[in-house]
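What follows is a short report on a single structure.
Every number in this text was worked out from the coordinates using simple rules, so none of it is lab data. Treat the numbers as computed from the prediction; the structure is a model and nothing was measured. Note: ideal-geometry Cβ built from the backbone for every residue, glycine included; neighbour counts use all protein chains shown.
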Ligand code: SF4
């Protein structure tokens, strides 16, 4: 059905083209990301339109992007708008229209889907597509080329705001040339994150999430999914991220894909899924723990809050005891990498209650705990109900909250500082030995307190959150711990060396002067008896060994593998019996 709505073409714009040349483009957050949406728009329309797609990143300059788009000589530019690129996309559109007012500009994507009127008013765009635009885009461009005065459903213009949010027919999508198998992507597959969707939609109602506005869950045919996965694995993809909102919603669907991926496991490939942990069964967990190659799957599990009144307010169904039980069983299996998500700033969650949520989630020991801050996304029910909870939030994307009735701006700022510390010292995975020791001996069960104190230490000492060296992180943590009367130098040293596969050039603390280090290693390299006993050579000592004094008499040698060698790093302790560089050296080792 088409709506009979007059277009408001300007004189210059009034179409005289038989065939319109179109380009679909977006700005990805990083180069490694790929836009599946662009590829869908392209494959759905390439046989009916003169259409190409082009990806940029938000780091690229506006002028460079607009020059490149204008140089294509296209008549229509379609831009996919997301929360991470909305501000930049607005700039680009203004510039494009200034340079060429004849251009038709169409926008789509989650950021604009539920508020087309806002973008038509604020940006010089011609049309907004709400929802899944694969087929609607072709209909719209064809209508423009013919000068028709009707708009397909789901398309808004200044004269007409559509109430429809399009859903593409999945069966029809599956019959198109595959967006995963484009020849132009083949070369780069191994260097980029490949996004795959096996379903669309989410049955849940989380009030802060745009997916809660979609109706129902639609699945791609299984043979279609498996055929594309086979292609990607064989073509050398290294990271596949499944975009399904809740991947494990349907047991048979989940099991079939997991089984296929395990049967087609290839070293160097990893797969990420968004998983609802309450829905995992004991049988599925046992099966994964038994069959899965270690580190092959990474599950992102949104917990958000463990406070029931908060979960009720945001309509998030969650059985935390069951979820915790499932996560512990997965952790015990040691096969799946777990990434647990929390959100600060949800309704009714005070600072103290947030700390409890954090500690309860952290106790599950996920490899990563991602602490996000609530964002009031356009089109969500929580944004609509913001006043009810006293929300103050940023007017510009990403619309992060500043405060609400339960939590103040100062408290949120403090959580932000703790989050920086969490990222550096836990999620980076660079401080495993130190963190283990800290949480077992000094901060048992008080996980948030450590990151909170570290965050405040960074703030008080004006330490940077960006542009630091690895050595700075170690030094700052060491000094922070000393300020608390905690000396974990040995654990920090172990962690530091764990960050390297080969002997590092430097160190984070001046324990031994460069010249002295060289002389010591040279002297050890002369000790034939010692070398023989430890199956070492002079070269290994001089080129692959780091040396650290343990006390007046002993040195710790950390021996790294040679380049390309797959052996583990090892440590040997030397006991110095007598020592004088100018005379001769006598070492006895003590293991
Ligand atoms: S947060 Fe996840 S589960 Fe909740 S509505 Fe959004 S996609 Fe669905």
Item to check | Relative counts (whole %) of C-alpha pair distances in region 389-462, using bins that are 10 Å wide | outcome: 18, 39, 29, 13, 1
Checklist outcome for this item: Quick P(r) readout (the chain; Cα-Cα; 10 Å bins; whole %) gives 3, 14, 21, 22, 19, 11, 6, 3, 1, 0
Checklist entry - Hey, how many Å between the Cα centroid of region 487-554 and the Cα centroid of region 353-381? => result 42 Å
Checklist entry - Rounded to the nearest 5, what % of the DSSP beta bridges within region 180-401 are antiparallel ones? => result 15 percent
Checklist outcome for this item: Reduced to Cα centres, the span from region 425-452 to region 304-342 in Å works out to 20 Å
Checklist entry - To the nearest 500 deg cm²/dmol, what mean residue ellipticity at 222 nm is calculated for the chain from DSSP H runs of n ≥ 4 alone, each contributing -39,500 (n - 2.57), summed and divided by the residues? => result -11000 deg cm²/dmol
Item to check | Crossing angle, helix 282-291 versus the chain [Cα axis fit, 0-90 degrees, rounded to tens] | outcome: 60 degrees
Item to check | Ranking of 76, 165, 86 by count of other Cβ atoms within 10 Å, fewest first | outcome: 165, 86, 76
Item to check | residue 542 paired with residue 227, simple spin-label distance in nm, labels 7 Å along Cα-to-beta-carbon | outcome: 6.2 nm
Checklist entry - Once you put a point 7 Å from the Cα of residue 270 and another 7 Å from the Cα of residue 552, both along the Cβ direction, what distance in nm separates them? => result 4.7 nm
Checklist entry - If one takes the longest principal axis of the Cα atoms in the chain, at what angle in degrees, from 0 to 90 and to the nearest 10, does the Cα axis of helix 351-362 lie? => result 70 degrees
Item to check | Part-to-part distance (alpha-carbon centres) for region 145-201 and region 20-83, which is given in Å | outcome: 13 Å
Item to check | Reciprocal mean inverse distance between Cα atoms of region 408-499 - Kirkwood radius, Å | outcome: 13.3 Å
Checklist entry - residue 482 versus residue 146, label points 7 Å from Cα toward the beta carbon: distance in nm? => result 7.8 nm
Checklist entry - What percent antiparallel are the DSSP beta bridges of region 302-457, to the nearest 5? => result 25 percent
